[in-house]
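Report on the structure given below.
The values are calculated or read from the model by the stated rules, or taken from the named source; none is laboratory data. If you're wondering where the values come from, they're calculated on a predicted model, not measured in any experiment. For neighbour counting, all protein chains shown are included, and Cβ atoms are generated from backbone atoms with ideal geometry for every residue, glycine included.
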Amino acid sequence: MNAIKKLSSVTTLLVFYIFFYSWASADTRTSVHNFRDLPLDLAITWTIGSAKSELAYFADPNCRYCKKLENQVLKKLNNVKIHLFIYPILGDESSRAAAEIFCADDPFYAWQQYQDTRTLPKKLKPSCISPTFKLKKLGENYKVNGTPTIILEDNSTFLGSVKLEDLSSAIKNAERRASDEKKTGFLYDMPGYCGGDNMINH
């Protein structure tokens, strides 16, 4: 009888431990992609239209899928502010390009030029210290395992390519949910699948 009670107690503790561990792990995962905690001073930012919404965009300078995403999707968005985090994960050439683009007189122009012609800026800011290491750590902390990666205001995340209509719809939903959060202090969590081969995670 005592053995049964002891076994029951151990089972109860084990179930509690599993539940608590799962809850703690889930909480950590949901806090990984927190848009509001992004260090925007490390980003190259540009605006299309009225900047009604915002998104974070992680891209490697030599990622051809990033170039395709920019030309076919990002440039066609309306009323959005884009924060580009140069995330050099494809080798030394990408790290060098990231450093020189960030330290250019006009980083946004330098990024566009590199995407179009693979030409690095000729003139760099004197005494500029590239934040390449910080950018790599940022990507690792946010679990960015590949490029392109997009994070929206409601923390939903697109991995890889995405259709214009899918991203536009997700941005509108993120804007609404972010607005609701400001009013209520609570961000609704609605996981789902979004278009093509892309997962949208919340």
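Six or more apart or on different chains, Cβ under 7 Å: which pairs go from a residue in the stretch 165-189 that's assigned to a helix (DSSP H, G or I) and surrounded by 17 or more Cβ atoms within 10 Å (Cβ to Cβ) to one that's at pLDDT below 80 and hydroxyl-bearing (Ser, Thr, Tyr)? Could you list them?
Here the result reads ARG177/TYR188, each pair linking the stretch 165-189 to a residue that is at pLDDT below 80 and hydroxyl-bearing (Ser, Thr, Tyr).
Give the residues of the stretch 139-174 that are closer than 20 Å to PRO39 by Cα and acidic (Asp, Glu), sorted by residue number.
GLU140, GLU153, ASP154
Quick check on my filter: what residues within the stretch 41-66 are in contact with a helix residue (DSSP H, G or I) (Cβ under 9 Å, 6 or more places away or on another chain) and part of a strand (DSSP E or B)?
Of everything in the stretch 41-66, those that are in contact with a helix residue (DSSP H, G or I) (Cβ under 9 Å, 6 or more places away or on another chain) and part of a strand (DSSP E or B) turn out to be ILE44, THR45, TRP46, ILE48, SER53, GLU54, LEU55, ALA56, TYR57, PHE58, ALA59.
Of the residues in the stretch 74-117, how many are free of Cβ contacts under 8 Å to residues at least 40 places away in the same chain, assigned to a strand (DSSP E or B) and either within 17 Å of the chain's Cα centre (by Cα) or surrounded by fewer than 19 Cβ atoms within 10 Å (Cβ to Cβ) (or both)?
Number of matching residues: 2.
Counting only residues that are of a type in the set (Lys, Arg) and without any contact (Cβ under 8 Å) to a residue 24 or more places away in the chain, how many does the stretch 127-151 have?
If we filter the stretch 127-151 for residues that are of a type in the set (Lys, Arg), which is where we start, we get 134, 136-137, 143.
Narrowing further to those that are without any contact (Cβ under 8 Å) to a residue 24 or more places away in the chain: 137.
Matching residues across the stretch 127-151 total 1.
Return the residues of the stretch 124-163 that are acidic (Asp, Glu) and in a helix (DSSP H, G or I); say none if nothing qualifies.
GLU140
Read through the list (1) without any contact (Cβ under 8 Å) to a residue 40 or more places away in the chain; (2) buried (at least 20 other Cβ atoms within 10 Å of the Cβ); (3) hydrophobic (A, V, I, L, M, F, W, C), then give the number of the only condition that LEU124 fails.
(2)
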